[in-house]
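Here is the structure we will look at.
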Amino acid sequence: MRWQGQQLGSTDAAALPGLEHLSGFVQSVTTPEFAGTTFHEVLCKSALNRVPGASAMPFDWTVNPYRGCTHACSYCFARATHEYLELDAGRDFDSQIVVKVNVAEVLRRELARGTWQHDPVMLGTNTDPYQRAEGRYRLMPGIVSALTDSGTPFSILTKGTLLRRDLPLLAEASASVDVSIAMSIAVFDDPLQNAIEPGTPTASARLQTVRAATDAGFRVTVFLMPILPHLTDSVPAIDDALRRIKDAGAVRVVYGALHLRPGAKQWFLRWLERDRPDLVSSYRGLYPGVSATAPKAYRSWLAKRVRPLLRAHGLDGHDEDSPPHRNPGRATAATVVTTSRGRTARSAGAAMLF
Ligand code: SF4
């Protein structure tokens, strides 16, 4: 890969194609604790990423401490971003993790600028901030403190149970800024979850984290996404998921059908061919050619199936396509998450959801 051989703190825009803002490679690290994974530590020049105006994402700013994700979801659409690093969107995305070791310090500097408008910041929109690497690098406490100290509201979306470690800090932060927490749980069947998201904690472990966050005072949203055609879209499967979500104390559910974007599509279909060849032709029919979204007819059918189950379980919820409130500027995937302090903040779909 291109950044091999760089020196500590050196700046070489050509070293990380597409990541010119990163200031330099530090070192590559492997440890027995993370067998099969290599961490590439870099110094970044900027931490706040402005979402392009033309993006469908309903928020303006993100912070992503990691690139690549050991949660290894076969449907993850952030996979394609690894190709900018001359790594592949498959196994490398799961095992070659770029770590912005100075992200909190840089963020704090950026938030102190007089021009900062204190717009909500989203964490978890590209890769998971509470993936396993966070146990080693502990970047999130610094990020949370920087946001809180600057008076910036923020939202966290994760599949990681490591979130529990930071709940006391997050609860403290919510006394001065709006903090919203969302947990992504797509697959409630353990063998299927293990096959399709091999690096993620089980649904039960994530639900226990939802319970812990609820007990810490947060009104937690669960993203029941992506719902996988023919795999997790049966009435019993959805009913069981919603029952368990309700029992865990979550107050809201956002659901949506699988997206298969470039990078993810190839990887997901490879998994399907290996594990569920009987479904390959159905998926090719639902996602023909370069089509990334399930047909409208399927999404409508799914909504008709989920809505009565949400009502039956007494859960607030909506389809990712039909958020209850929209930001007129950029709204297509928007939802509104009630924060710990009862106000609202924008939240959204992200790579890890689809
Ligand atoms: S979908 Fe989210 S949790 Fe899964 S690999 Fe992608 S970034 Fe990680």
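The values are calculated or read from the model by the stated rules, or taken from the named source; none is laboratory data. What you see is a predicted model; the values in this text were computed from it and never measured. Note that we place each Cβ from the backbone using ideal geometry, even for glycine, and neighbour counts take in every protein chain shown. We work out accessible area using only protein heavy atoms, side chains counted, and drop any ligands, DNA or RNA first. Shrake-Rupley method; radii C 1.70, N 1.55, O 1.52, S 1.80 Å.
Worth pointing out:
- Any hit, the range 310-330, residues being open to solvent by 20 Å² or more (accessible area, probe 1.4 Å), within 22 Å of Ser204 (Cβ to Cβ) and assigned to a loop (DSSP other than H, G, I, E, B): yes
- Of all residues in the range 212-223, none satisfies being more than 18 Å from His71 (Cα to Cα), open to solvent by less than 10 Å² (accessible area, probe 1.4 Å) and of a type in the set (D, E, K, R).
- Members of the range 94-126 found to be within 16 Å of the ligand (Cβ to nearest atom), at pLDDT 95 or above, under 23 Å from Gly24 (Cα atoms) and in contact with a strand residue (DSSP E or B) (Cβ under 9 Å, 6 or more places away or on another chain), listed by number: Ser95, Gln96, Ile97, Val98, Val99, Lys100, Leu123
- Selected residue (criterion: nearest to Leu48 (Cα to Cα)) from residues of the range 137-168 that are open to solvent by 30 Å² or more (accessible area, probe 1.4 Å) and within 16 Å of the ligand (Cβ to nearest atom): Tyr137
- Screening the range 268-278 for residues that are open to solvent by less than 60 Å² (accessible area, probe 1.4 Å) and touching a residue at least 40 places away in the same chain (Cβ under 8 Å) and picking the one that is nearest to the chain's Cα centre (by Cα) gives Phe268.
- Residue in the range 246-262 that is aliphatic (A, V, I, L, M), touching a residue at least 24 places away in the same chain (Cβ under 8 Å) and open to solvent by 20 Å² or more (accessible area, probe 1.4 Å) present: yes
- Of all the residues in the range 169-187, those that are away from the ligand (no atom under 16 Å from the Cβ) and either over 15 Å from Glu134 (Cβ atoms) or in contact with a strand residue (DSSP E or B) (Cβ under 6 Å, 6 or more places away or on another chain) (or both) number 11.
- Residue within the range 228-235 that is within 14 Å of the ligand (Cβ to nearest atom), within 30 Å of Asp119 (Cα to Cα), open to solvent by less than 20 Å² (accessible area, probe 1.4 Å) and in a loop (DSSP other than H, G, I, E, B) present: no
- Qualifying residue in the range 54-62 (condition: surrounded by fewer than 23 Cβ atoms within 10 Å (Cβ to Cβ), in contact (Cβ under 8 Å) with a residue 60 or more places away in the chain, within 16 Å of the ligand (Cβ to nearest atom) and closer than 20 Å to Thr152 by Cα): yes
- Scanning the range 138-149 for residues that are within 18 Å of Cys44 (Cβ to Cβ) and more than 18 Å from the chain's Cα centre (by Cα) yields Gly142, Ser145, Ala146, Leu147.
- Here Asp94, Asp128 are screened, and the one residue that is open to solvent by less than 10 Å² (accessible area, probe 1.4 Å) and among the acidic types (Asp, Glu) is Asp128.
- Check on Asn49, within 14 Å of the ligand (Cβ to nearest atom), in contact with a Ser or Thr (Cβ under 8 Å, 6 or more places away or on another chain) and open to solvent by 10 Å² or more (accessible area, probe 1.4 Å): no
- Of the residues Arg91, Arg79, Arg138, the single one that is of a type in the set (Lys, Arg), closer than 18 Å to Thr30 by Cα and modelled with pLDDT under 95 is Arg91.
- Only residues that are crowded, with 22+ Cβ neighbours inside 10 Å and either in contact with an Asp or Glu (Cβ under 9 Å, 6 or more places away or on another chain) or not in a loop (DSSP other than H, G, I, E, B) (or both) were counted in the range 169-196, giving 11.
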